[in-house]
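Data block below; observations after.
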Amino acid sequence: MPGVTRLLMVYQSDDLPSSRIRVRELAPHLVAHGFEVSIRLYPPTLAERVSLFEVAKSHDLVLIQKKLPSFVDGILWRRLGRSIVFDYDDAIMMRDHARDGSYESATRKKKFDRAIDLASAVVAGNEYLASFVPSTKRRLVLPTPVPHRVPVREHRAVAELRVGWIGLGKNLGTLAPIADVLREAQRRFPFVLTVISNESPDLPGVRTEWWSWSRDSEDEMLSRVDLGIMALAEDSPWDKGKCSYKVLKYMAAGLPVIASRVGMNEEVVTESSGFLVTSPAEWMHAFERLCGSVELRRQMGASGRELVLRTLTFEAVAARLGAFLHEV
């Protein structure tokens with residue numbers, strides 16, 4: 001195909017949302033921008049990886065999503081003689097939980113530095129993540145695209161609101177630090193915490209309902225809640241690297257948001273689309289405003305959805321990524 005760039009996209013895991021969204025679901029949208037795209041899972045064994053390198057030889061460009069290559073892999077990728085682009089959307093150069101008070105990991109940092117050194121260019125999910133890349137390296141800050149052809153909440157007055165939280169079971173722990181706030185808020189305002197996850201929540205004293213997550217039903221589920229929350233730890237560099245995907249999913253569904261004033265949340269949540277909070281008092285104020293006004297929920301939900309439609313659709317993100325890859 002003359003004029004078409006043959007792109008191999010290699011992703012880390014079938015179970016990771018980032019692999020699904022930033023590679024498998026985004027890839028078809030790159031075709032319109034001059035790419036012939038192949039997709040492969042980064043294999044677990046060296047023998048399988050040798051086969052992957054053979055496949056890569058028939059491509060012009062390779063994008064590795066989030067997988068940190070081993071020392072041997074690094075040698076083999078270099079010998080391939082193809083331009084490598086490294087894509088990541090988490091703070092994978094550090095631990096996700098503190099150990100002895102520190103998030104630093106010499107092993108992860110070494111692997112991350114190897115991946116960055118190997119790459120001709122880097123794609124990072126937000127500005128904070130990009131700050132770990134040398135300024136001399138070609139780089140693009142590219143948020144994760146958000147499906148926008150989804151059911152949108154029709155806000156109306158209800159006797160009891162649903163406050164939504166969506167995420168993997170391993171991240172349910174982010175709700176524990178605000179459990180007291182949720183309990184107090186439920187004493188003042190009529191709402192239930194609706195958790196959309198692959199695991200059930202354990203928040204004693206908080207009225208919750210658990211909706212078992214599935215890819216086919218998550219969008220419809222979100223359209224049935226009234227607002228969305230995202231709690232992060234201010235002192236966690238791992239949380240600071242989060243790409244606000246919960247917030248963006250809420251916005252796509254037309255939901256107002258309450259989010260911790262951490263990392264990328266500060267970039268995407270404005271006073272017209274939700275509330276950025278740092279203290280229990282600010283959480284309570286946000287609940288009071290949103291639980292008390294269907295019109296405010298409607299206005300903020302519409303504003304957030306407009307942001308997604310303007311800059312974060314798959315089509316918009318693919319156009320930016322395609323233009324960047326053609327320059328590598």
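A short reminder: the numbers here are calculations on the coordinates, not readings from a lab. All values derive from a computational prediction rather than experimental measurement. In this analysis, Cβ positions are derived from the backbone assuming ideal geometry, glycine residues included, and neighbour counts consider all displayed protein chains.
Answer rounded, prolate or oblate for the stretch 1-69, using the Cα gyration tensor with square roots of eigenvalues a ≥ b ≥ c: rounded when a/c is under 1.5, else prolate when a/b is larger than b/c, else oblate.
It is oblate, given that a/c is not under 1.5 and a/b is not larger than b/c.
Among the GluC sites (Glu not before Pro) in the stretch 153-242, those located in a DSSP loop and surrounded by at most 16 other Cβ atoms within 10 Å of their own Cβ are Glu154, Glu160, Glu199, Glu234.
With a Förster radius of 25 Å applied to the beta-carbon distance between Lys110 and Phe53, the computed FRET efficiency rounds to 0.70. The string of couplings for the stretch 318-328 from the Karplus curve (6.51, -1.76, 1.60, θ = phi - 60°) is 4, 4, 5, 5, x, 4, 5, 5, 5, 8, 6 Hz, one whole number per residue in order, with x for Gly and Pro. The gain in end-to-end length when the Arg20 to Val192 segment is fully stretched comes to 58.9 nm, 0.36 nm per residue minus the alpha carbon separation. The stretch 105-183 and the stretch 1-35 have Cα centres spaced 19 Å apart.
If r is the Cβ-Cβ distance from Glu234 to Arg95 and R0 is 25 Å, what FRET efficiency results, to the nearest 0.05?
On the way: r = 17 Å, r/R0 = 0.69.
Efficiency, from the Cβ-Cβ distance: 0.90.
Take the Cα pairs of the stretch 113-246, get the Kirkwood Rh, then feed it into Stokes-Einstein at 37 °C and 0.692 mPa s and tell me D in µm²/s. Value of D from the Cα-based Kirkwood radius: 191 µm²/s. A cut-off under 14 angstrom between Cβ atoms defines the neighbours of Glu154, and their net charge, with Lys, Arg +1 and Asp, Glu -1, is +4. Less than 19 Å apart at the alpha-carbon level, and either on another chain or at least 8 residues along: which lysines does that give for Lys109? Those lysines meeting the cut-off are Lys66, Lys67, Lys137, Lys240, Lys242.
Adding -39500 (n - 2.57) for every DSSP H run of four residues or longer, then dividing by how many residues the chain holds, sets the calculated 222 nm ellipticity at -10000 deg cm²/dmol.
Apply the a/c threshold of 1.5 to the C-alpha gyration tensor of the stretch 169-226 and tell me whether it is rounded, prolate or oblate. Mind dumping the intermediate values first?
Values: a/c = 2.68, a/b = 1.46, b/c = 1.84.
It comes out oblate by the Cα gyration axes.
Here is the size of the stretch 116-155 from its Cα atoms: Rg then Dmax, 15.5, 49 Å. Sequence-ordered 3J(HN,Hα) estimates for the stretch 298-315 from the Karplus curve with 6.51, -1.76 and 1.60 and θ = phi - 60° stand at 5, 5, 5, x, 5, 5, x, 5, 4, 4, 4, 5, 7, 9, 10, 6, 4, 5 Hz, glycine and proline given as x. Between the C-alpha center of the stretch 48-63 and that of the stretch 212-228 there is a gap of 38 Å.
A Stokes-Einstein calculation at 10 °C with viscosity 1.306 mPa s, built on the Kirkwood radius of the stretch 185-328 over Cα pairs, returns a diffusion coefficient of 97 µm²/s. Residues of the stretch 276-316 with an amide N closer than 13 Å to a point placed 7 Å from the Cα of Glu127 along the Cα-to-Cβ direction: none. Amide H contacts of Phe191 (H built 1.01 Å from N, in plane; Pro and chain starts excluded): Leu161 sit under 5 Å, all sequence-distant by 5 or more or on other chains. Each of Val133, Val55, Val257, Val62 was scored by other Cβ atoms within 10 Å of its Cβ. Arranged with the fewest first, they read Val55, Val133, Val62, Val257.
Between Arg207 and Glu36, the simple spin-label model (points 7 angstrom out along Cα→Cβ) gives 6.0 nm.
For the stretch 180-191, the Karplus equation 6.51 cos²θ - 1.76 cosθ + 1.60, evaluated at θ = phi - 60°, returns couplings of 4, 4, 5, 4, 5, 4, 5, 5, 9, 10, x, 8 Hz by residue, with Gly and Pro reported as x.
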